[in-house]
Structures are given as structure tokens and as C-alpha cells.
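Undergrad: Mind having a look at this structure? Questions to follow.
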Amino acid sequence: MKTSILKLTFLLFGTSLFAQTTWTVDNRPGTTAQFTSVQAAHDAAASGDFIYVHPSPNTYGSITISKEIHLRGIGHSPELANGEYAYLSNISLSTNSTEATLCSNSSISGLNINSISDGNGGAFTNILIQNNRINYLNFYQAYNYIIQGNVFNSSSGYSIYFNGTSHANNIISHNIFNMVGNTSATTAIFNNLLASDTVANNLIMMNYNSATSTFFNNCNNTAVNNNIFALGTTAVISSITINNSTINFQNCMTFDYGGQTIAALPGTNNLNNTNPQFTNIGSPANPAFTYANNYKLAVGSPAIGAGSDGSELGIYGQGFLFQM
């Protein structure tokens, strides 16, 4: 899978390496950037251009993408920006079917985002969503997406929601999913995944107590491998729930830091109820996401070498350089 990710990442960027223009956006007072609005920068840009969005204490609001654009921030929690980051409330992929084709091959990286969505106006292909902090994603027609290296800190009832079955070949890998609350009657981290979708090398955490907590909902034969499922001390969940789904777990690990036994995962080569031994997740130990934690595996962790390809489980598997 590592090879396929690298190949697809190259394809996503290959058409945009030449003759593109870089635009800058900063909405702080006294800025010397070209724009104070991300939407205005987008509207002025040509297909394939890059838009760099500066950290700011002020939100940049929402943007609708209607052409191939590459949005860049300096990170979802940059070290050298006085605690500031570039925040967008919603990134919407155009609802126009013609523009859906035009904004395929876009990429979004290094931002703090409430949501990314499309309006079911057409099929979107080859979108890269990487190294962001995100509340949730909501897509109708998504094909060949790479969603990797992100932190999902969701209180919206789901993290990645595919509406229906008009999507395929999406790779969801090397992300942190931290489900911290429920504002929906039905909660699931993943909704409507298909057999062609891949969920691999993620750290998936549930850290609240709810009888409706679900990890997978309405998923059909999705490949789920090399993930670590870590339950927080406040979660009271007896199993990795797969409501109305068929999931074959391969080389995954489960552990409950509250001491509860989790039902064994269906599938093969799984490490059930096994402490992943992260380098540092606080004292007392609790995997709930914080930038102070270190989710690298400590020496001697049973997750080292336990992956289907012989590498480690979780977000640093396959040599991935997860950016905290």
C-alpha cells in the first residue's frame, strides 16, 4: 500500500509542478500578503496554482473550490506562530458538475478546518487531504482520495461520512481519530465505506461514554488493517462496533486504558487487548489526543513489526513521517 500511496501522491502533484503561481493570504492587520481572503485568492488564481494561508487569530471563513487549487498552511498546530494557525470553517468542493471535474487533483494541507464537503454536483477525483486538523469530512462522490496524516478531533457524530455508494478507491491512512463527543443520535467514526476503500495505519480513539458509540456504520467489506484502536479511561465500550457492516480486521490492535476487556476483532493476526506502549500518553495513562502526548511506539512495543507488511502498527507505520 505504501507504493500505491506514493504513486498516487506523485500523480496528484505531477500536473501542477510547472508554470504554477503562488499566492499568499493573511487577514491580520498590516499584512503584506496579496490577499486577506482565501476565496478572493482562489478566484484570482489559475488552475494548478498554490495558495499559502498565514496563521491568524481570525478565521478565514469558508471557501468554495471550483478549480484545481493547492491550499497550504504551515501546520495544524505550528510551533513558530505564537499558537496561531490558519482556520477555515468549511471548504466546499463545487456543486457544479463541470467545476467538479476542474477542481479534481486539488490538495489541502497544513490547515485547521471544521469541515470539508461536496454538494453531490459531480464526481471528484484525486484529492489529497493531508496534515490538517479536521472536525469532519462529508462526501457524496469521492474517487481516489488520499486522506492521510490528519488529526480528526470530532464532536459531530462522525469523522468521515460518505453519503451512499457513489465513491471508490479512497485511502484513509496514518490519521489520528479522536472521537470526543456526540452531537448526533447515531455516532460512527466511519460511514458507508466500500470494499475498494482502505483504512490503514490509523490511531483510532474513542474517549467518551455513550451507548450509541460506533466505529463503523453501513460499511461493506472494507479493508481495515494495521490500525490501533485505543479506548480512553472514560469510554465504556465492550467492542469495536461495526453497525450494519462487514469488516475483516487484519493486523489491528485493541486496548482499553480503563481496564475493560474488548471483544476480539473478527479477522486474522489481530492483537486483542494489548497495550501498544506509546512513548508518552500522560499520567495516569489516557490516549485522549493532546499535542503534549507522544504516540510513537516505545522500544519493546508489541505493535512494532506487527503490521501486515512487517512494519509497525499505527500512524508511524511504513516509515510515514506523521507531523504533530
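The values are calculated or read from the model by the stated rules, or taken from the named source; none is laboratory data. The model shown is predicted, which means the values in this text are computed figures rather than measured ones. We place every Cβ from the backbone using ideal geometry, glycine too, and count neighbours over all the protein chains shown. Each accessible area value is taken on the protein alone, full model and side chains, heavy atoms only, with ligands, DNA and RNA left out. Shrake-Rupley method; radii C 1.70, N 1.55, O 1.52, S 1.80 Å.
Undergrad: For the range 220-263, give me every one of the strands (runs of 3 or more DSSP E) that falls completely inside it and has 3 or more residues that are open to solvent by 10 Å² or more (accessible area, probe 1.4 Å).
TA: Here the list reads 220-225, 246-250.
Undergrad: Name every residue in the range 59-81 that is farther than 22 Å from Gly149 by Cβ, open to solvent by less than 70 Å² (accessible area, probe 1.4 Å) and assigned to a loop (DSSP other than H, G, I, E, B), in order of residue number.
TA: Selection gives Gly61, Ser66, Lys67.
Undergrad: Anything in the range 265-275 that is in a loop (DSSP other than H, G, I, E, B) and under 20 Å from Ser301 (Cβ atoms)? List them, or say none.
TA: Matches in the range 265-275: Leu265, Asn269, Asn270, Asn272, Asn273, Thr274, Asn275.
Undergrad: A follow-up question, please. I need the full set of residues from the range 153-167 which are open to solvent by 20 Å² or more (accessible area, probe 1.4 Å) and either part of a strand (DSSP E or B) or basic (Lys, Arg) (or both), in order please.
TA: Scanning the range 153-167 gives Asn153, Tyr158, Tyr161.
Undergrad: I'd like to verify a number: residues in the range 82-111 that are on the phi > 0 side of the Ramachandran plot, open to solvent by 10 Å² or more (accessible area, probe 1.4 Å) and of a type in the set (Gly, Ala, Ser), how many?
TA: Qualifying residue count for the region: 1.
Undergrad: Quick check: anything in the range 277-289 in a strand (DSSP E or B), touching a strand residue (DSSP E or B) at 6+ places or on another chain (Cβ under 6 Å), surrounded by 20 or more Cβ atoms within 10 Å (Cβ to Cβ) and at pLDDT below 95?
TA: Looking for residues that are in a strand (DSSP E or B), touching a strand residue (DSSP E or B) at 6+ places or on another chain (Cβ under 6 Å), surrounded by 20 or more Cβ atoms within 10 Å (Cβ to Cβ) and at pLDDT below 95, one finds none in the range 277-289, hence no.
Undergrad: Condition first: of a type in the set (Ser, Thr, Tyr), buried (at least 20 other Cβ atoms within 10 Å of the Cβ) and touching a strand residue (DSSP E or B) at 6+ places or on another chain (Cβ under 8 Å). Can you find one or more residues in the range 112-120 that meet it?
TA: no
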